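Student: Pasting in a structure now, in structure tokens, and then I'll have a few things to ask.
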């Protein structure tokens, strides 16, 4: 699969890109600055020992990817979505954004559109299927989910798109779970703020969540 | 400890009362109808084999309890809070309410006050310390947490009150975790709706959550 990681030069984007490259996928790393994307792709390739990743502008990555993953800070969310809007039409966009308030990053914030995921879906329109995923996973685990016991909760209004994101999680070693409609992203995004607080209070580095009580357990 | 369970005749209230009775505590079961409270207390006592529980009106249970646990449907939340308001003054109120919409119970609902917990705190005023807890635990596990791997996330604006609720969870065999301010109850209450959806989708009965990645694990 050809996976675009828009905003792929941050910690989350790098972790995801590295994990998918390790899993044998082709990764397109996007950035606002081509040179930064190229450097990050080189770092991924040096780590996995093959030319798995290519760096380019966000819009070009989104255009070339079969599935597009968005990992930008919330204050760049709307601008980036507008930049890639045409390029993602007809595709699945996996939104990893948590609506953190830069002034009060520890404070749970419900954004005007309910969640970043719902805002992305509203902005991109129905031709792009938006799903929320990976918000609750510490970047320390992103490239090798099997080392954590965390689950990836996937929300979005299109059931097939949720299944695609669940497969992407599986490639990284995570159990992805169908967590329902886009509206539920309010909970999944908010959980990240709650987990950050638990990290501080319990001196943990990568608190995550696991769903218990499922039949296969 | 003398624990009042207001709305203690429902499945959640009964499970909690039974668990605390098993753990050697004195339990006051409240209801709008004395006779129903008395019957539920008799059922608890018959199960644990001692006179651990007493049934009475909600307001009387709240007045006699050292700590008060509220387990009513959301549509009875405000009325019940007004009924017990004077009786809980100066105490810790543990709110188990999930703001389910009776017309669309599968649909995540953000209530006017942000969360049931924040609404309770606003209504009762600062002399009563409100904490959210136990919303994510299936009633099938409430009285014996050790059989599940679920954690109890505790939110509220008073740190000491959060510790009291964490102790109550421990009495039932659950690991209680400090999940931060009352505002975070938006996530904890919403998680219940998400878990109910996971129960349906994965044919589970008591999906719950566990926090992973803490130092003691």
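The values are calculated or read from the model by the stated rules, or taken from the named source; none is laboratory data. These numbers come from a predicted model, not from an experiment. Glycine also receives a Cβ, built like all others from the backbone with ideal geometry; neighbour counts cover every protein chain displayed.
Student: Which ones in the stretch A:191-206 are at pLDDT 95 or above, at the interface with chain B (Cβ under 8 Å from one of its Cβ atoms) and within 16 Å of residue A:152 (Cβ to Cβ)?
Tutor: A:191, A:195
Student: Which residue is nearest to residue B:212 (Cα to Cα), if the candidates are limited to the stretch B:162-184 and must be assigned to a helix (DSSP H, G or I) and facing chain A (nearest Cβ under 8 Å)?
Tutor: B:184
Student: Checking residue A:90 against (1) in a loop (DSSP other than H, G, I, E, B); (2) touching a helix residue (DSSP H, G or I) at 6+ places or on another chain (Cβ under 9 Å): exactly one of these is not met. Which one?
Tutor: With (1) in a loop (DSSP other than H, G, I, E, B); (2) touching a helix residue (DSSP H, G or I) at 6+ places or on another chain (Cβ under 9 Å) applied to residue A:90, the lone miss is (2).
Student: One residue is enough: does the stretch A:23-30 have a residue meeting the conditions surrounded by fewer than 18 Cβ atoms within 10 Å (Cβ to Cβ) and on the phi > 0 side of the Ramachandran plot?
Tutor: yes
Student: Additional query: Only residues that are within 19 Å of residue B:195 (Cβ to Cβ), free of Cβ contacts under 8 Å to residues at least 60 places away in the same chain and in a loop (DSSP other than H, G, I, E, B): list them for the stretch B:124-156, please.
Tutor: Listed by number, the residues that qualify are B:133, B:135.
Student: Filter the helices (runs of 4 or more DSSP H) completely within the stretch A:1-68 down to those with at least 1 residues that are in contact with a strand residue (DSSP E or B) (Cβ under 9 Å, 6 or more places away or on another chain) and free of Cβ contacts under 8 Å to residues at least 24 places away in the same chain.
Tutor: A:34-48
Student: When the residues of the stretch B:141-161 are filtered to those that are more than 10 Å from every other protein chain (Cβ to nearest Cβ) and at pLDDT 95 or above, which remaining residue is surrounded by the fewest Cβ atoms within 10 Å (Cβ to Cβ)?
Tutor: B:160
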